[in-house]
Amino acid sequence: MRKKLLAVSLSFLLLFTSCITSFSLDMKSASKFTAKPLPYSYDALEPYICKEIMILHHDKHYQTYVDNLNKTLENYPKYKSYSVEKLLKSLDCLPKEISTSVRNNGGGVYNHEFFFNIMTPDKTEVSGKLKNAIERDFNSYDNFIDEFKKSALGVFGFGWAWLVSDCNGKLFIITTANQDSPISYIYTPIIGIDVWEHAYYLQYKNKRADYIDNWINVINWNKALENYTSSLK
Ligand SMILES: [Fe+2]
């Protein structure tokens, strides 16, 4: 009888833990969104991206998206507990009057956090399953880089270029306008470059191609591999 009771208790505990885990992945406390600090110093990406750009990009542009997302959700307590990922995956289900603002400002928050984390001052190289998948889907790493640069250069106006994975681990290069995010289209972003002018104009003026060429040097391929590996689960 005691054994049976113990088994029932353990099953209940497992069920409870799994519910808490899945809840915590999609939800946050109903507090405001806050800007996350850069994972390196403002000048760490020099000479490829200068300190002034990083200060402006992180402290002004990213911060504004965070502030605007909080303002948007001010009178919608239900959605304050959602993570930014959950908000962006639920755009069609949000009240009409806030869905465009969440798309723009939630996208701005998610994309910038992703972007700051996919850059590093450390020299890294593509490796493991991601290297194999790039060679499988783009013939070679060099060919992938060429295709990625072309796509990033071809974004009209404000937007992003991404390497993404679908649910089968197949890789694609996509571009998104404004602050639209791949996660709203059920893709997992692996790397992504911000080609809004605020990301490069201070240093590169109108030469977006030079910015893209230099940006390739700061890709965090270790983080990219983590992103790809998690997309396969
Ligand atoms: Fe940006």
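Rule-based calculations on the coordinates, nothing more; no lab input. Given the structure is predicted, the values throughout are model-derived calculations rather than measurements. Please note: Cβ atoms are built from the backbone with ideal geometry, for glycine as well, and neighbour counts cover all protein chains shown.
Taking the range 89-136 only, how many residues are away from the ligand (no atom under 16 Å from the Cβ) and in a helix (DSSP H, G or I)? Walk me through it before giving the result.
Step one: filter the range 89-136 for residues away from the ligand (no atom under 16 Å from the Cβ), giving 89-102, 120-136.
Checking which are in a helix (DSSP H, G or I) leaves us with 89, 91-93, 96-102, 128-136.
Number of matching residues: 20.
Could you grab me the full set of residues in the range 67-88 that are touching a residue at least 24 places away in the same chain (Cβ under 8 Å), surrounded by fewer than 21 Cβ atoms within 10 Å (Cβ to Cβ) and either among the polar types (S, T, N, Q) or in a loop (DSSP other than H, G, I, E, B) (or both)?
First, the residues of the range 67-88 that are touching a residue at least 24 places away in the same chain (Cβ under 8 Å): 68-70, 72-73, 77, 80-86, 88.
Right, trim to surrounded by fewer than 21 Cβ atoms within 10 Å (Cβ to Cβ) and you get 68, 70, 77, 80-81, 83, 85-86.
Once the filter is applied, which keeps residues that are touching a residue at least 24 places away in the same chain (Cβ under 8 Å), surrounded by fewer than 21 Cβ atoms within 10 Å (Cβ to Cβ) and either among the polar types (S, T, N, Q) or in a loop (DSSP other than H, G, I, E, B) (or both), the range 67-88 yields Asn68, Asn70, Ser81, Ser83.
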Matching residues in the range 197-218 - criterion: being surrounded by fewer than 21 Cβ atoms within 10 Å (Cβ to Cβ) and either of a type in the set (A, V, I, L, M) or touching a residue at least 60 places away in the same chain (Cβ under 8 Å) (or both): His198, Leu202, Gln203, Ala209, Asp213, Asn214, Ile216, Asn217, Val218
Checklist (1) under 21 Å from Leu88 (Cα atoms); (2) of a type outside the set (D, E, K, R); (3) touching a helix residue (DSSP H, G or I) at 6+ places or on another chain (Cβ under 7 Å) applied to Thr229, failing item: (1)
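Of all the strands (runs of 3 or more DSSP E) wholly in the range 137-233, which have at least 3 residues that are closer than 21 Å to Tyr40 by Cβ?
188-194
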Pairs where the first residue, in the range 104-131, is over 17 Å from Ile145 (Cα atoms) and the second is assigned to a helix (DSSP H, G or I) and of a type in the set (D, E, K, R), C-beta under 8 Å, 6+ apart: Tyr110/Glu85; Asn117/Lys223; Thr120/Lys223
Matching residues, the range 49-68, being more than 16 Å from Pro121 (Cα to Cα), β-branched (Val, Ile, Thr) and within 11 Å of the ligand (Cβ to nearest atom): Thr64
Selection from the range 100-113 of residues that are over 12 Å from Asp67 (Cα atoms), crowded, with 22+ Cβ neighbours inside 10 Å and not small (Gly, Ala, Ser): Tyr110, Asn111, His112
